[in-house]
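**Q** My structure is below; once you've seen it, I'll send some questions.
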Amino acid sequence: MMFQDEIARREYDYAADFCAPPYAYCEELVEQTARCAAILPIGTEGVGGDRLFQTLASSLGFYLNTMQGDRANTYDGPNRNGVLVQQWPLGTAVMHDKVAFYPHNLDRGVDTTENLSWALAFGLNLHYQAQHMERDFVAGRGFELLNGLSLVQKRVAGRYFGKAMTAFRYLTEDLKVSRTVLDGGVEIVASHDLEPRALSLPGTLGTVTVAPHGFVASEHGTPTYALIDDAHLRPGHLARWKGGRFVPELAWCPADLAGYRSDTIHADLRLTATPAELPAAGTTRAALTLAAWDGAPLDLADADIDRELEGRPIAHLVTDADGSVRLAPGPGGATGWVTVRAVVTRDGIPAYSGVQLVRLTGG
């Protein structure tokens with residue numbers, strides 16, 4: 001796909017050639033887009049219109065007007081100073097089966113629960129900006145946010161991709177619950193509430209309490225995926241429908257929660273690898289230690305500890321005779337990055353550590 005920045009449009013609404021008709025500049029952009037689209041698919045930033053949408057494959061043009069910067073002066077989830085601001089997916093409702101819609105490419109992407117809620121309600125696909133990766137690791141999220149977005153794209157957005165939007169409405173007077181229906185029996189009920197909220201399941205299946213700004217996706221009257229509330233993890237869990245109930249699949253770790261900065265949202269536990277850099281061809285191993293997020297020691301007696309490693313086969317976990325677990329380079333001496341996270345379960349309740357990044361070097 002070729003990405004064209006705003007199809008070259010800035011403030012020049014009219015042609016500079018005094019011999020040309022006043023609409024010549026815009027006409028040329030439409031024709032240029034059509035010529036490019038005959039060669040390969042075209043995506044663009046933030047523009048559209050009926051004549052351009054005929055040849056566009058995707059539009060990365062939606063600002064999710066929630067609580068971002070100066071938009072917070074107008075939108076507030078969506079109640080501002082007692083005035084209800086109704087947001088409607090007009091563009092996606094009209095063109096959803098013809099153009100792949102995404103949030104704005106220069107915006108921060110779908111990195112908050114609130115933006116996820118509106119993106120699904122409006123039938124958008126999801127994206128993640130790679131420059132935020134370092135920030136996510138510092139906040140203890142590692143690849144968790146990216147993994148979560150990947151699951152939602154696969155299990156929800158991927159199911160409505162390219163399908164016509166047939167209905168959108170608010171289900172409550174406070175505009176905090178919306179329902180979106182698309183061809184193929186896909187339905188999204190999204191909460192736009194700062195607090196956990198009970199949402200109705202299809203038919204006679206009752207209700208489920210979703211996380212703040214959570215959602216429930218269904219197909220042909222059967223629930224499929226949701227962001228459910230969790231008393232021990234405020235952002236909630238992404239969960240699949242299985243055996244008549246939602247089963248947690250991944251802890252949701254957004255960049256913030258309901259518009260508040262991410263520094264106040266962190267993992268339950270802190271996992272530290274010492275050292276955090278190992279020679280790939282050496283025998284040095286990294287000790288993995290767990291503590292509370294504030295650094296206080298943990299009593300791990302009678303707790304089940306599961307350590308999740310991403311990066312095989314260049315590294316593996318080994319258990320010493322005293323029960324301590326270390327990360328060791330793989331036998332091939334390959335270099336690269338690996339991540340490790342711990343899940344500590346006590347009395348059936350899981351607690352999650354932040355993600356620790358370990359580098360295997362050739363030095």
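The values are calculated or read from the model by the stated rules, or taken from the named source; none is laboratory data. All values reported here derive from a predicted model rather than from experimental measurement. For neighbour counting, all protein chains shown are included, and Cβ atoms are generated from backbone atoms with ideal geometry for every residue, glycine included. Note: accessible area is taken over every heavy atom of the protein model, side chains too, but ligands, DNA and RNA are not part of it. Shrake-Rupley method; radii C 1.70, N 1.55, O 1.52, S 1.80 Å.
**Q** What number of residues within the stretch 291-308 satisfy the criterion of being under 16 Å from LEU357 (Cβ atoms) and at pLDDT 85 or above?
**A** Summing the residues that are under 16 Å from LEU357 (Cβ atoms) and at pLDDT 85 or above in the stretch 291-308 gives 1.
**Q** Go through the stretch 314-357 and tell me which strands (runs of 3 or more DSSP E), entirely inside it, have 2 or more residues that are surrounded by fewer than 16 Cβ atoms within 10 Å (Cβ to Cβ) and not basic (Lys, Arg).
**A** The strands (runs of 3 or more DSSP E) meeting that bar are 315-319, 336-346.
**Q** State the number of residues belonging to the stretch 97-111 that are part of a loop (DSSP other than H, G, I, E, B), open to solvent by less than 10 Å² (accessible area, probe 1.4 Å) and touching a residue at least 40 places away in the same chain (Cβ under 8 Å).
**A** Total satisfying the criteria: 4.
**Q** I'm trying to understand the selection: among the residues of the stretch 183-224, which are open to solvent by less than 10 Å² (accessible area, probe 1.4 Å), in a strand (DSSP E or B) and of a type in the set (A, V, I, L, M, F, W, C)?
**A** Hits for the stretch 183-224 are VAL186, ILE188, ALA190, LEU199, VAL210, PHE215, VAL216, ALA217.
**Q** Still on this structure, please answer the following. So, of the residues in the stretch 225-252 that are part of a strand (DSSP E or B) and in contact (Cβ under 8 Å) with a residue 60 or more places away in the chain, which turns out to be nearest to GLY158 (Cα to Cα)?
**A** TYR225
**Q** Give the residue, chosen from ALA303, ALA291, that is surrounded by fewer than 16 Cβ atoms within 10 Å (Cβ to Cβ), in contact (Cβ under 8 Å) with a residue 24 or more places away in the chain and of a type in the set (Gly, Ala, Ser).
**A** The unique qualifying residue is ALA303.
**Q** Name the residues in the stretch 157-182 that are touching a strand residue (DSSP E or B) at 6+ places or on another chain (Cβ under 6 Å), open to solvent by 50 Å² or more (accessible area, probe 1.4 Å) and touching a residue at least 60 places away in the same chain (Cβ under 8 Å), would you?
**A** ARG159, LYS163
**Q** Further question on the same structure: Go through the stretch 21-40 and give me each residue that's at pLDDT below 80 and not in a helix (DSSP H, G or I).
**A** Within the stretch 21-40, PRO21, PRO22, TYR23 meet the criteria.
**Q** Return yes when ALA281 is open to solvent by less than 30 Å² (accessible area, probe 1.4 Å) and either over 26 Å from the mean Cα position of the chain (by Cα) or at pLDDT below 85 (or both) and no when it is not.
**A** Criteria not met by ALA281.
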